[in-house]
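Enquirer: Got a structure here, written out as structure tokens. Questions coming.
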């Protein structure tokens, strides 16, 4: 039998990854996607404070990165304009 094992390396998520996943989960559950812009800002202020306390190892820069990711996630999808068809142009 070989001395090499078939153990898979288990990668433990970082605090940033855990906080990011928790943020996205909160966004989906809390209805912030449909909130008015002023309420969304307040929600993000409160949620970022909460995540900063919950994940003490996160730096202020990482907290800001999380907020940026969350705010982008909440932005509506911008549809591409449909091409204008021109009649008789070859």
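Enquirer: At pLDDT 95 or above and either within 13 Å of residue 69 (Cβ to Cβ) or part of a helix (DSSP H, G or I) (or both), is that true of residue 38? Quick ask: steps written out before the conclusion?
Expert: Working: at pLDDT 95 or above: no; either within 13 Å of residue 69 (Cβ to Cβ) or part of a helix (DSSP H, G or I) (or both): yes.
Criteria not met by residue 38.
Enquirer: For segment 1-35, which positions are outside any helix (DSSP H, G or I), under 16 Å from residue 74 (Cα atoms) and at pLDDT 90 or above? Quick ask: steps written out before the conclusion?
Expert: Filtering segment 1-35 for residues outside any helix (DSSP H, G or I) gives 1-14, 31, 35.
Remaining after also requiring under 16 Å from residue 74 (Cα atoms): 31, 35.
Residues satisfying the conditions do not exist here.
The values are calculated or read from the model by the stated rules, or taken from the named source; none is laboratory data. Predicted, not measured: the structure shown is a model, and the values here were computed from it. Note that each Cβ is placed from the backbone with ideal geometry, even for glycine, and that neighbours are counted across all protein chains shown.
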